[in-house]
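First comes the structure, then the notes that go with it.
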Amino acid sequence: MSNGARVLVVDDEPQILRGLRVVLRNAGYQVDVAATKAEALDAAAARPPDAMVLDLVLPDGSGVEVCREVRRWSGLPIIVLSAVGDVREKVKALDAGADDYVTKPFGSEELTARLRAVLRRAADADTEAAVTVGDLTIDLAARRVLVRGEEVHLTPIEFDLLRVLAVHRGKLVTHRQLLHEVWGPQYTDETHYLRVHVAHIRAKVEADASRPQLLVTDPGVGYRLQDPS
Amino acid sequence: MARKGRLRELPLVSLEAVAAIGVATGTVALLEGVAPVTGLGVVYLLAVLLVASRHGEIAALATAVASVLTLNFFFIEPRHHLTISDSRNVAALGVFLIAGMVVSRLAAAVRQRAGESELRAHEAAARERESSLLAAVASSLLSEGPVEAQLSTPGGRLTDAVSRAGLRLELAPTPAPHEGEETVPLQLRSRRAWLYAMPDSGWHREELDRVAEPLAHLVDVAIDREEVAEHTAEAEAARRADVAKTAVLHAISHDLRSPLTAITTATGALSSGPLSEDDRRELLSVLRSESTRLARLVDDLLDLSRIEAGAVNPRPDWCDLHDTVASAAEHVRREHPEHQVELLVSADLPLVRADPAQMERVFSNLIENAVKFSPEDRPVRVSASVAGERVTVRVTDEGRGIPPTARSHVFEPFFRGRAGGAGSGLGLTISKGFVEANGARIQLDSRPGAGTSFAVSFPLVPQPAAPA
């Protein structure tokens, strides 16, 4: 899956870059590095990578700005490294187009797993008429949802919500983005809508709605539709 | 009271009336030959007018009646009798009497109006004095410093305004008037205050009572304002302390995570698969240096919390700055062998009183800072001098200097210069804390482009006796 994929790692701490370079190389990636916002944008434009691992705190700016810039011309998967411990920064980065985040300090397996997931999604994108995670299949064209081969009935709102998550399968989708795509731009603060409808969807598609495996919560940030771990 | 006053004036009024009638009688006697007597009766009206204007209606009426009788007695036939033979003269005297009554009525009204307006003028003057006092007190209380201080400042704007009005204002639990002063209590909400009128101030008691109320309101408002301002200042200070604390926590969280992340990734990398010998060596060096960095950061944080808690507890001893600086410089040289550190500290520098271990930390921090912020080919210089009753050690670099806007922040925790990203951002904060806990001073002198110099100065103290 990761065969030869090129990853651009952006961090201003040389000691972190040293470790990441070895970790990613041994996971089968080609690694480019950049230490500043300017270097990151130059490197991304000169040799477009297949994915980017991006620190949020850079000496000449914020990772959020890099996300925003890159998204103007590329949909390449971006994982942000957040040392801030601040949910708001993470959400800003995700809203600016990042696909996922890991919090420093992180284990190398965690990073490579997230990287695999976003790269797979990028490879699958556009080609799927139906999305399958675990026992759940969402037929986007026919607007049908199947659990273990049996159709379940979702309300139109529930289906739209699940569709957005399915289209971004594996990606952490922020509250704001979900509300914007399903309800519209004037509803982006009504996070309680999500809580109610997500609970309904879980009751219909999860094996155990109290321990969701497919539609998981990232508290304070958003939701993710993923293969059961 | 008014009646008693008038009775007391009776002899004087009678005398005046008699005199006026006498003068009128004399005048009529002189003019009797050139004009008819009944026409000359007008002269008596002048006497009535005079008395009316000076003493009011009743005295004037009496004068008018007396004038009629006098005129009749002396000039109307038959003379020297109070009888009248000619009926025309009866009519003339009747007319005269009515004219006298009208004149006395008019004169009395004029006199009363004059009296009233005099009273009004007096009252207006009193009110003006009261309001100008209140205005002066208000503008002073509401624009100058604390109420208490204003009231007890001789020659201050408030005391000046009050004493110009012949008054004194005092915040005190019990009244303490000077000799002969009248005392009026001010009804304040939370304190007690007193207004004293000096004996010759010309204030009536009712005027004092009248100004006491608005004066009390003014003082109340000023005290309230002061309390609100104090609360606001406290709230603002608390808010700022909160912001600072959040910033420090933020910085700590970032600073602890960075070396931890480097360590976890290097550890992950070591077990991630086949490694070249170079990779292995590099990853181990990352582990070593990041662990050291982490340990040092934790030490610095402990020092910072001790400094902020006022728990530095230096152990002052005779401190040989030459030795201390040499040891600190050696420390830095071991970590940065590539950078030259020049020592220009004479061995016979006077001893100072300070904790030598803490001073070593201070000079290590300052020298290391200088090394980090100047190019490798530019030596860092440490010099010492004695001047103005102080012993001063100066650590000077030839780096880029500190921009003026950053100068006031360099001693703040987690403030970092452009090039020194690897440090804890606490070195200068800790140095300043140690220096000040030891009774010394630290000063910054920097010229952009020409370098920076930190001067640590100690008071010069009498030297201990040399060992025998």
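The values are calculated or read from the model by the stated rules, or taken from the named source; none is laboratory data. The structure presented is a predicted model; accordingly, all values stated were derived computationally and were not measured. Every residue, glycine among them, receives a Cβ derived from its backbone with ideal geometry; neighbour counts consider all protein chains shown. Keep in mind that these areas ignore ligands, DNA and RNA; they rest on the heavy atoms of the full protein, side chains included. Shrake-Rupley method; radii C 1.70, N 1.55, O 1.52, S 1.80 Å.
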Just to check I understand the Karplus step: with θ = phi - 60° and J = 6.51 cos²θ - 1.76 cosθ + 1.60, what whole-Hz values come out for segment A:183-190, glycine and proline as x?
9, x, x, 7, 10, 5, 9, 8
At q = 0.06, 0.08, 0.09, 0.10 Å⁻¹, what is the log10 ratio I(q)/I(0) for the protein assembly as shown, with the Debye formula run over Cα points and no solvent?
-0.66, -0.91, -1.01, -1.07
Kindly rank A:141-147, B:29-35 from highest to lowest mean number of other beta carbons found within 10 Å of each residue.
A:141-147, B:29-35
With Rg and the Kirkwood Rh both taken from Cα atoms, where does Rg over Rh land for segment B:66-162?
1.64
Once ligands and nucleic acids are excluded and a 1.4 Å probe is used, how much of residue B:436 is accessible, expressed in Å² to the nearest 10?
100 Å²
Need one number: buried accessible surface between chains B and A, 1.4 Å probe, both sides summed, DNA, RNA and ligands left out, in Å² to 100.
1800 Å²
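Which value at 222 nm does chain B reach when only helices count, each DSSP H run of 4 or more adding -39,500 (n - 2.57), with the total divided by all residues and rounded to the nearest 500 deg cm²/dmol?
Numbers: 13 runs with 282 residues, N = 468.
Using -39500 (n - 2.57) per qualifying helix, the result is -21000 deg cm²/dmol.
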Using a 7 Å offset from the Cα along the Cα-to-Cβ direction at both residue A:88 and residue B:278, what is the distance between the two label points in nm, to one decimal?
4.5 nm
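By how many nm would the segment from residue B:46 to residue B:334 grow when fully extended, if each residue of separation counts as 0.36 nm and the alpha-carbon distance is taken off? Kindly include the intermediate steps, with their values, before the conclusion.
Numbers: separation 288, 0.36 × 288 = 103.68 nm, distance 12.29 nm.
That pair, residue B:46 and residue B:334, stretches by 91.4 nm at full extension.
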Go through segment A:5-20 and flag every residue whose accessible area shrinks by 20 Å² or more with all protein chains in place compared to the isolated chain (probe 1.4 Å).
A:13, A:15, A:16, A:18, A:19
Spacing of the two label points (7 Å from each Cα toward its C-beta) at residue B:306 and residue A:209, in nm:
5.8 nm
Segment B:227-308 - Debye-derived log10 I(q)/I(0), Cα point model, q = 0.12, 0.13, 0.23, 0.24 Å⁻¹:
-0.55, -0.60, -1.03, -1.07
Please give the contour-minus-distance gain from residue B:176 to residue B:317: 0.36 nm per residue of separation, less the Cα-Cα distance, rounded to one decimal in nm.
45.2 nm
Zone of residue A:135 (label point 7 Å along Cα→Cβ, backbone N under 17 Å): which residues in segment A:181-203?
A:201-203
Two-decimal Rg/Rh of chain A from alpha-carbon positions, Kirkwood Rh?
0.98
Output needed: percent of Cα pairs per 5 Å distance bin for segment B:316-416, bins running from 0 to the one holding the longest distance.
2, 13, 21, 23, 19, 16, 6, 1
What is the Cα centroid distance between segment A:206-221 and segment A:46-88, reported in whole angstrom?
27 Å
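Keeping every protein chain in place, order A:192, B:122 by accessible area at 1.4 Å, biggest value first, i.e. largest first.
Details: A:192 85, B:122 110 Å².
The most accessible residue leads, giving B:122, A:192.
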Considering just Cα atoms, how many Å³ per residue does the convex hull of chain B enclose?
323 Å³
Test assert for segment A:94-139: residues whose accessible surface shrinks by at least 40 Å² between chain alone and all chains, 1.4 Å probe, equal A:104, A:105, A:106
Under 17 Å Cα-Cα from residue B:432, which aspartates and glutamates qualify once same-chain neighbours fewer than 8 residues away are excluded?
B:299, B:300, B:303, B:308, B:355, B:360, B:368, B:412, B:445
Round to a whole number: what % of the accessible area of the protein assembly as shown belongs to carbon and sulfur, probe 1.4 Å?
56 percent
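Tell me, what is the FRET efficiency for residue B:200 and residue B:221 to the nearest 0.05, using R0 = 25 angstrom and their Cβ-Cβ distance as r? Can you show the working numbers first?
On the way: r = 31 Å, r/R0 = 1.23.
Using R0 = 25 Å, I get an efficiency of 0.20.
Taking a threshold of 31 Å on the Cα-Cα distance, which of the pairs A:92/B:372; A:37/B:245; A:104/A:204 fall above it? Let's see the in-between values first.
Numbers: A:92/B:372 34 Å; A:37/B:245 29 Å; A:104/A:204 35 Å.
Listed pairs above 31 Å: A:92/B:372; A:104/A:204.
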Mind ranking B:128, B:282 by accessible surface for me, highest first, 1.4 Å probe?
B:128, B:282
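Among the DSSP beta bridges whose two residues both lie in the protein assembly as shown, what percent are antiparallel, rounded to the nearest 5? Please report the intermediate quantities before stating the final value.
On the way: 54 of 75 bridges.
Among the beta bridges of the protein assembly as shown, antiparallel pairing accounts for roughly 70 percent.
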Round to the nearest 10 and report in Å² the accessible area of residue B:446, as given by a 1.4 Å probe over the protein chains' heavy atoms.
10 Å²
May I ask what percent, to the nearest 5, of DSSP beta bridges between residues of chain B are antiparallel?
90 percent
Projected label distance in nm at residue B:77 and residue A:46, using a 7 Å step from Cα toward the beta-carbon
14.9 nm
When a/c reaches 1.5 or more, the comparison of a/b and b/c decides; with that in mind, is segment B:84-218 rounded, prolate or oblate per its Cα gyration tensor?
prolate
Ordering A:103, B:267, B:392, B:405 by how much accessible area each has at a 1.4 Å probe, largest first, what is the list?
B:405, B:267, A:103, B:392
To the nearest 0.05, how large is the calculated FRET efficiency for residue A:6 and residue B:249 if R₀ is 56 Å and r is the Cβ-Cβ distance?
0.90
Leaving out same-chain residues fewer than 8 places away, which aspartates and glutamates sit with a Cα under 13 Å from that of residue A:90?
A:55, A:65, A:99, A:100, A:218
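Counting only C-alpha contacts under 8 Å and six or more residues apart, can you give the relative contact order of segment A:95-164 as a whole percent? Mind dumping the intermediate values first?
Values: 42 pairs, mean separation 10.0, N = 70.
Here the relative contact order equals 14 percent.
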Solvent-accessible heavy-atom area per residue, rounded to whole Å², over the protein assembly as shown at 1.4 Å:
52 Å²
Keeping all protein chains in the complex and leaving out DNA, RNA and ligands, what accessible area do you get for residue A:160 with a 1.4 Å probe, in Å² to the nearest 10?
40 Å²
